[in-house]
1. Of the residues that make up the stretch B:198-207, is at least one in a helix (DSSP H, G or I) and either in contact (Cβ under 8 Å) with a residue 24 or more places away in the chain or in contact with a helix residue (DSSP H, G or I) (Cβ under 6 Å, 6 or more places away or on another chain) (or both)?
2. Consider residue A:174 against the criteria (1) in contact (Cβ under 8 Å) with a residue 40 or more places away in the chain; (2) within 16 Å of DNA strand C (Cβ to nearest atom): it satisfies all of them except one. Which criterion is unmet?
3. For the subset of the stretch B:29-62 comprising residues that are within 14 Å of chain A (Cβ to nearest Cβ), away from DNA strand C (no atom under 11 Å from the Cβ) and free of Cβ contacts under 8 Å to residues at least 40 places away in the same chain, which member is surrounded by the fewest Cβ atoms within 10 Å (Cβ to Cβ)?
4. For the list (1) away from chain A (no Cβ under 14 Å); (2) small (Gly, Ala, Ser); (3) closer than 26 Å to residue B:181 by Cα, I need the number of the one condition that residue B:251 fails.
5. Can you tell me which condition residue B:149 does not meet? The list is (1) surrounded by 24 or more Cβ atoms within 10 Å (Cβ to Cβ); (2) within 13 Å of chain A (Cβ to nearest Cβ), and all the others hold.
6. Regarding the stretch A:154-167, can at least one residue be identified that is part of a helix (DSSP H, G or I), in contact (Cβ under 8 Å) with a residue 12 or more places away in the chain and surrounded by 20 or more Cβ atoms within 10 Å (Cβ to Cβ)?
7. Does residue A:145 satisfy the criteria of being among the acidic types (Asp, Glu), in a helix (DSSP H, G or I) and modelled with pLDDT of 95 or more?
8. Restricting to strands (runs of 3 or more DSSP E) lying wholly in the stretch B:231-320: which have 3 or more residues that are free of Cβ contacts under 8 Å to residues at least 40 places away in the same chain, surrounded by fewer than 17 Cβ atoms within 10 Å (Cβ to Cβ) and assigned by TED's automatic domain parsing to the domain that holds residue B:98?
2 protein chains.
Amino acid sequence: MEVTRRKSPVSTPGPQEPRRSLTLRDVSEASGVSEMTVSRVLRNRGDVSASTRARVLEAAKHLGYVPNKIAGALASQRVNLVAVIIPSLSNLVFPEVLGGISEELDDTGLQPVVGVTNYSPEREETVLYEMLSWRPSGVIIAGLEHTPAARAMLQNAGIPIVEIMDVDGEAVDAVVGISHHRAGAEMARRIAAAGYRRIGFLGTKMPDDHRARKRLEGFEAGLAEAGIALADREFYSGGSALLKGREMTQAILTRSPDLDFLYYSNDMIGAGGLLYCLDKGIDVPGRLGLAGFNGVELLDGLPRRLATMDACRREIGQRAAAIIAGRSTTGLVGGARIELTPVLQPGDTIRPA
Amino acid sequence: MEVTRRKSPVSTPGPQEPRRSLTLRDVSEASGVSEMTVSRVLRNRGDVSASTRARVLEAAKHLGYVPNKIAGALASQRVNLVAVIIPSLSNLVFPEVLGGISEELDDTGLQPVVGVTNYSPEREETVLYEMLSWRPSGVIIAGLEHTPAARAMLQNAGIPIVEIMDVDGEAVDAVVGISHHRAGAEMARRIAAAGYRRIGFLGTKMPDDHRARKRLEGFEAGLAEAGIALADREFYSGGSALLKGREMTQAILTRSPDLDFLYYSNDMIGAGGLLYCLDKGIDVPGRLGLAGFNGVELLDGLPRRLATMDACRREIGQRAAAIIAGRSTTGLVGGARIELTPVLQPGDTIRPA
DNA sequence: TCCGTGCATGATTGCGCTAACATCATGCCG
DNA sequence: CGGCATGATGTTAGCGCAATCATGCACGGA
């Protein structure tokens with residue numbers, strides 16, 4: 001690895017040396033009109049004659065002027081940012097939610113800004129504080145569980161707040177998501193109906209993944225309806241989810257060889273489990289059934305389709321963004337509650353009921 | 001301690017009725033000191049007596065005051081944001097780079113802000129313009145290829161710029177990455193040395209994925225050294241990468257059944273190809289060798305380890321962030337060029353040389 | 001001819017905060 | 001006991017822009 005140095009940071013390909021960054025004044029002097037007119041041209045607001053407009057645009061372009069949104073935002077009391085606070089980017093799920101948000105926001109003039117909490121409530125609080133200090137037009141935040149301080153900040157912010165992913169709980173303002181409790185219960189019923197009886201759960205250990213927790217609770221409740229109790233469980237944290245899925249599956253099957261179904265808290269470890277079972281020649285879904293959660297695209301490429309439930313990730317993003325966009329234009333207030341319905345996709349790893 | 005009440009616009013400071021958002025003045029009135037002192041306390045700057053500090057903090061907390069960074073940034077001409085511009089979030093690679101950046105920035109007071117271009121140069125230009133208008137302390141941007149306007153903006157911005165991922169080309173300022181050309185060539189040499197001769201390439205169609213393009217160019221150059229020409233190629237775009245890997249592998253093997261090696265432009269499609277080959281009972285690596293690129297964690301869970309090259313993703317993020325952090329504190333200027341060296345991991349899908 | 005009308009542009013003010021300097025006690029030294 | 005660091009606070013002046021209102025000017029109908 002080599003390191004070389006250049007002499008100057010700015011060798012201008014454009015016009016002059018921008019020692020101090022350019023302001024409206026520079027453009028106004030270059031084009032011979034007032035700052036106000038330049039401002040109007042650059043924002044396409046108010047009446048400006050075509051000739052003036054052209055002259056100003058030419059000058060701005062020639063100088064390489066980039067507006068200062070900080071000053072603009074302060075003066076206009078308007079910021080076109082939407083804070084999006086999510087636990088992780090490596091989860092596949094959240095980039096998809098983000099995709100939905102971006103798409104929906106694309107032609108509203110609003111722009112998402114992402115903050116990541118790593119599933120830590122304290123970090124969430126910090127990130128929220130940081131983002132609110134930029135006075136965004138709205139907040140989209142994953143989950144309904146927040147520290148008291150975070151909750152207070154959300155309530156006091158005076159902007160639209162949309163909590164996403166999860167509807168099982170008390171929302172600050174609007175909420176868009178699915179019921180993870182119900183999702184777990186539905187899967188449990190399906191499994192019970194298919195005749196499986198010795199059922200194991202494999203999932204994340206993280207105490208702050210409330211949605212996984214709720215799925216498990218719903219799952220156990222669903223099993224209970226059929227008089228079934230969870231036979232065994234196995235938890236993990238960190239590492240490659242696919243590999244963990246393999247290892248955990250091996251571990252739980254070694255410990256409880258009589259299990260006839262494994263419910264995974266997400267598709268990634270479920271996929272690992274599926275690969276493990278195929279490796280070992282285990283009869284799936286005859287001898288052993290499998291199911292995950294999320295409906296990730298990755299599953300399409302596996303040798304067999306893992307049973308799962310679509311978490312409506314993209315749509316959640318879109319709906320949440322639409323709420324922010326709608327409210328920030330209409331100025332209307334009031335928290336919608338949108339519960340989406342995930343669909344169980346039985347795939348090839350649950351035997352027919 | 002007694003609480004003195006004074007005539008204040010905010011009679012009920014609790015988490016209710018945030019009519020007009022709070023300012024330093026509100027805190028200053030509530031705590032009986034000047035705005036300046038409040039500002040000092042909240043920024044931990046300058047000398048403030050312990051008692052005053054406590055009083056101010058109490059007042060700020062009680063009111064639920066959140067500083068306005070817009071005003072602060074305008075006044076101080078300092079913004080603690082670092083713009084990070086990447087092509088995609090669904091690629092796995094970039095979240096990892098982001099992880100490296102966040103980690104490195106974590107205790108510098110700087111904060112990354114992410115913009116996504118979807119591999120579109122025009123979108124990159126737009127995103128860059130938007131981000132620069134917030135006057136960040138630095139820019140980390142993927143790739144060396146930009147529109148002329150984007151390049152000009154970067155050069156004129158007067159802040160540290162770090163181009164990442166790729167070092168094959170002309171940098172604006174600093175650059176941290178690997179040589180994809182070299183990476184492709186190295187893999188080609190290894191494949192040739194192992195005795196493979198009928199070699200196919202499978203990759204993305206996107207014309208703006210310059211790094212994939214450079215890997216292919218390097219790969220062909222490496223093969224040429226051994227007198228080998230690429231026997232066939234197959235391109236894709238969109239969809240589930242794992243599934244695409246399967247489909248493409250089937251397609252290319254149907255068309256050119258005599259191929260004895262497949263080089264994939266990324267691990268995801270490579271993994272799909274591997275699964276396909278295992279399904280079909282193809283002898284890997286005897287009859288057919290396989291290799292991908294990136295060294296993604298996912299590979300650890302596959303039935304067999306795909307040959308790949310680690311792209312140093314996390315380290316790239318860290319080094320880039322360190323450059324920004326270092327320069328923004330020291331004020332030093334000058335573009336470093338850091339070339340990392342990816343390591344070929346032969347896994348189980350190339351036969352020994 | 002006049003004044004109104006509408007368009008194009010300019011002047012003023014302040015958004016909320018911080019840099020820089022000013023002020024005013026203390027206390028401690030010789 | 002004088003003088004001057006030193007600490008603790010307050011005062012002033014913008015940062016770059018946009019809201020708002022003021023101004024100038026051409027045109028057209030009465």
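1. So the first thing to find is which residues in the stretch B:198-207 are in a helix (DSSP H, G or I), and the list is none.
Within the stretch B:198-207 (the criterion being in a helix (DSSP H, G or I) and either in contact (Cβ under 8 Å) with a residue 24 or more places away in the chain or in contact with a helix residue (DSSP H, G or I) (Cβ under 6 Å, 6 or more places away or on another chain) (or both)), the answer is no, since none of the residues qualifies.
2. Of (1) in contact (Cβ under 8 Å) with a residue 40 or more places away in the chain; (2) within 16 Å of DNA strand C (Cβ to nearest atom), only one is false for residue A:174: (2).
3. First, the residues of the stretch B:29-62 that are within 14 Å of chain A (Cβ to nearest Cβ): B:39, B:42-43, B:57, B:60-62.
Going one step further and asking which of them are away from DNA strand C (no atom under 11 Å from the Cβ), we end up with B:57, B:61-62.
Now restrict to residues that are free of Cβ contacts under 8 Å to residues at least 40 places away in the same chain: B:57, B:61.
Values: B:57: 15, B:61: 12.
Filtering first and then ranking leaves B:61.
4. (3)
5. Of the numbered conditions (1) surrounded by 24 or more Cβ atoms within 10 Å (Cβ to Cβ); (2) within 13 Å of chain A (Cβ to nearest Cβ), the odd one out for residue B:149 is (1).
6. The first filter runs over the stretch A:154-167 and keeps only residues part of a helix (DSSP H, G or I), leaving A:154-156.
Pick out the ones that are also in contact (Cβ under 8 Å) with a residue 12 or more places away in the chain and you get A:154-155.
Now restrict to residues that are surrounded by 20 or more Cβ atoms within 10 Å (Cβ to Cβ): A:154.
Yes, the stretch A:154-167 has at least one match.
7. Numbers: among the acidic types (Asp, Glu): yes; in a helix (DSSP H, G or I): no; modelled with pLDDT of 95 or more: yes.
Here the answer is no, as residue A:145 does not meet what is asked.
8. Working: elements: B:232-236, B:261-264, B:289-291.
Counting at least 3 such residues, we get no strands (runs of 3 or more DSSP E) at all.
The values are calculated or read from the model by the stated rules, or taken from the named source; none is laboratory data. All figures in this text were calculated on a predicted structure; none of them were measured in a lab. Because the Cβ atoms are built from the backbone with ideal geometry, glycine has one as well, and the counts that use them run over all protein chains shown.
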